[in-house]
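Data block below; observations after.
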Amino acid sequence: MYRFFWIVLVFCLSNSVIGQNLENLLEKELDGFNGHAGLYVLHLESGEEVAIQADTLFPTASIVKVPILVGIMDKIERGELDYHQKLVYRDSIKYGGSGLMQHFKDSTETELSVLMSLMITYSDNTTSLWCQALAGGGARINQLMEELGLENTRVNSRTEGREKDWEKLGWGQTTPREMAQLLIKIRKGEAISSSASERMYRLLSNIYYDEYGLSAIPPYIQTASKQGMVNASRSELVMVNAPKGDYVFYIATKQNEDQRWEDDNEAFVLQRRISAILWEWFEGQ
């Protein structure tokens, strides 16, 4: 179904981008959105960049799991945790929403690598909160973000002193530019260490939720991504390892009028269209 969608959408867009300005094309898409949308795009080789509300704060929803992943890898790098460290799941840490571990039986033996994989691949909330605690909590993760030069990317939930931020923006907050920069640092081996970045990139390249922006990219092209969605905010972070050069984009939305969870939700459609335009712009010309 989604391969068919990609073929049809790219065919329809193939002539529309010729002779156009990329920023103008993307602005037209965002201008009609019933809510607040922001976008950051960077082609790593050419340096072509588009920034539309790219320094505006948006809720991360589950995309906060990328900073949490950085926090866990920092602990592993320091020798305080081991990637294959054995752990025991308890019902007391169960958290609803997306994910699989909430369905595990109490006292099930698992390991840290499973938590990390479920957190990223299936956006598992239970393992994410467990990983946040293992990483040293929100305060430690936020310190790491600051050390990486990210001034606005923060964990708010269960983080002392950030209660008002949590009330306003939820679990985490970021800007389109900063979250894209974090993924670029991971891609370049600059987050924690080269080996840690490689491990994180492998995890981010194995995503279950491929029906949004990822669906507009050919299935044989590697991508690293994370999606974050709550009723009034749907966002997506994607790095495309394209033949003509890597490019990254972060499409963020908030205050969305369309809060349905159907496939034709306005934010979902926007994510697919932005992704298709970028693929055609960078690869189809």
Give the residues of the range 89-109 that are among the small types (Gly, Ala, Ser), out of contact with any Phe, Trp or Tyr (no Cβ under 7 Å at 6 or more places or on another chain) and surrounded by 12 or more Cβ atoms within 10 Å (Cβ to Cβ), sorted by residue number. Gly97
In the range 153-165, is there at least one residue being more than 25 Å from Gly99 (Cβ to Cβ) and in a helix (DSSP H, G or I)? yes
Got a sec? Which of Lys94, Lys105, Lys75, Lys28 is among the charged types (D, E, K, R) and closer than 23 Å to Glu167 by Cα? Lys94
Quick one: Leu129 ticks every box in (1) out of contact with any Ser or Thr (no Cβ under 7 Å at 6 or more places or on another chain); (2) free of Cβ contacts under 8 Å to residues at least 12 places away in the same chain bar one, so which box is it? (2)
Unique match (being crowded, with 19+ Cβ neighbours inside 10 Å, of a type in the set (D, E, K, R), at pLDDT 95 or above and within 20 Å of Ala61 (Cα to Cα)) among Arg260, Arg177: Arg177
Take the conditions within 25 Å of Gly172 (Cα to Cα) and of a type in the set (A, V, I, L, M, F, W, C) and apply them to Leu87. Does it pass? no
Can you name every residue in the range 36-60 that is closer than 25 Å to Gln259 by Cα, surrounded by 18 or more Cβ atoms within 10 Å (Cβ to Cβ) and either among the acidic types (Asp, Glu) or more than 17 Å from the chain's Cα centre (by Cα) (or both)? Ile52
If Phe33 meets every condition in (1) surrounded by fewer than 16 Cβ atoms within 10 Å (Cβ to Cβ); (2) in a loop (DSSP other than H, G, I, E, B) apart from one, which number is that one? (1)
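The values are calculated or read from the model by the stated rules, or taken from the named source; none is laboratory data. Note that this is a predicted model, so its numbers are computed, not measured. A quick note on method: Cβ atoms are made from the backbone with ideal geometry, for glycine too, and the neighbour counts reach across all protein chains shown.
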